[in-house]
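*Asks:* Starting off with a structure, shown below.
The values are calculated or read from the model by the stated rules, or taken from the named source; none is laboratory data. If you're wondering where the values come from, they're calculated on a predicted model, not measured in any experiment. Backbone-built Cβ (ideal geometry, glycine too); neighbour counts: all protein chains shown.
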């Protein structure tokens with residue numbers, strides 16, 4: 001079993017596509033293999049798996065992060081349906097501070113997005129009944145939970161919205177990136 005790892009425009013944010021082996025019955029793949037990823041320079045100890053289900057297309061969740069000491073690396077994949085997954089660099093001093101990348105993740109394409117600590121994370125569902133499954137390197141800590149507005153004009157994410165938006169009051173009322181002090185500092189190239 002192999003895995004394909006692609007860099008994105010944001011250092012540390014990578015697209016991971018595990019190899020699928022299929023036949024008339026369907027397919028099999030290793031959705032996560034720590035040793036294989038370590039061979040690509042990705043050696044993260046994940047401690048929690050999360051599973052999110054969204055009934056409607058156009059459900060937007062984010063942009064979220066956990067502050068230290070419970071900052072999280074996330075490895076995100078789609079278990080059913082399709083979603084547009086986004087990472088935004090919020091490491092102070094980073095040459096890509098405030099920039100974003102977006103990737104379509106779907107059950108069909110099997111792609112995953114690694115969102116390291118120091119990045120905002122969010123997604124919008126592109127189909128009804130979409131499931132998002134992701135690994136986290138730290139446990140959920142409500143006291144460290146933070147958010148930034150999904151439509152912050154300073155970031156300018158081009159969300160692929162084609163119908164009504166479904167969003168929580170908390171996410172809709174989140175501050176702009178310019179209104180928070182990021183707890184993350186860029187420490188140079190990895």
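*Asks:* Out of the residues in the stretch 94-117 that are out of contact with any helix residue (DSSP H, G or I) (no Cβ under 7 Å at 6 or more places or on another chain) and over 21 Å from residue 18 (Cβ atoms), state the one that is surrounded by the fewest Cβ atoms within 10 Å (Cβ to Cβ). Reasoning before the result, please.
*Replies:* As a first pass, look at the stretch 94-117 and keep what is out of contact with any helix residue (DSSP H, G or I) (no Cβ under 7 Å at 6 or more places or on another chain): 94-97, 99-117.
Filter once more, so that each one left must be over 21 Å from residue 18 (Cβ atoms): 94-97, 99-100, 117.
Details: 94: 21, 95: 10, 96: 17, 97: 16, 99: 14, 100: 22, 117: 21.
Checked the stretch 94-117; the qualifying residue surrounded by the fewest Cβ atoms within 10 Å (Cβ to Cβ) is 95.
*Asks:* Name the one entry in 160, 153, 164, 95 that is touching a strand residue (DSSP E or B) at 6+ places or on another chain (Cβ under 8 Å) and farther than 25 Å from residue 49 by Cα. Full working, then the answer.
*Replies:* Values: 153 fails: touching a strand residue (DSSP E or B) at 6+ places or on another chain (Cβ under 8 Å); 164 fails: touching a strand residue (DSSP E or B) at 6+ places or on another chain (Cβ under 8 Å); 95 fails: touching a strand residue (DSSP E or B) at 6+ places or on another chain (Cβ under 8 Å).
Only one candidate qualifies: 160.
*Asks:* Looking at the stretch 6-24, which of its residues are part of a loop (DSSP other than H, G, I, E, B), without any contact (Cβ under 8 Å) to a residue 40 or more places away in the chain and closer than 19 Å to residue 114 by Cα?
*Replies:* Residues of the stretch 6-24 that are part of a loop (DSSP other than H, G, I, E, B), as a first pass: 8-13, 19-20, 24.
Filter again for without any contact (Cβ under 8 Å) to a residue 40 or more places away in the chain, leaving 19, 24.
The one that is part of a loop (DSSP other than H, G, I, E, B), without any contact (Cβ under 8 Å) to a residue 40 or more places away in the chain and closer than 19 Å to residue 114 by Cα: 19.
*Asks:* Now a separate question. So residue 27 passes all but one of these: (1) over 15 Å from the mean Cα position of the chain (by Cα); (2) in contact (Cβ under 8 Å) with a residue 60 or more places away in the chain; (3) assigned to a strand (DSSP E or B). Which condition number does it fail?
*Replies:* Looking at each condition in turn, residue 27 falls short on (2).
To keep it simple, each residue is scored yes or no on (1) in contact (Cβ under 8 Å) with a residue 60 or more places away in the chain; (2) under 20 Å from residue 96 (Cβ atoms); (3) surrounded by 12 or more Cβ atoms within 10 Å (Cβ to Cβ); (4) touching a helix residue (DSSP H, G or I) at 6+ places or on another chain (Cβ under 9 Å).
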site: 129; (1), (2), (3), (4): yes, no, yes, no
site: 134; (1), (2), (3), (4): yes, no, yes, no
site: 142; (1), (2), (3), (4): no, no, no, no
site: 154; (1), (2), (3), (4): no, yes, no, yes
site: 159; (1), (2), (3), (4): yes, yes, yes, no
site: 164; (1), (2), (3), (4): yes, no, no, no
site: 167; (1), (2), (3), (4): yes, no, yes, no
site: 186; (1), (2), (3), (4): yes, yes, yes, no
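*Asks:* For the stretch 32-43, name all the residues that are modelled with pLDDT of 85 or more and either surrounded by 11 or more Cβ atoms within 10 Å (Cβ to Cβ) or more than 28 Å from residue 100 (Cβ to Cβ) (or both). Show your work before the answer.
*Replies:* Initially, the stretch 32-43 is screened for residues modelled with pLDDT of 85 or more, giving 34, 36-43.
Selection gives 34, 36, 37, 38, 39, 40, 42.
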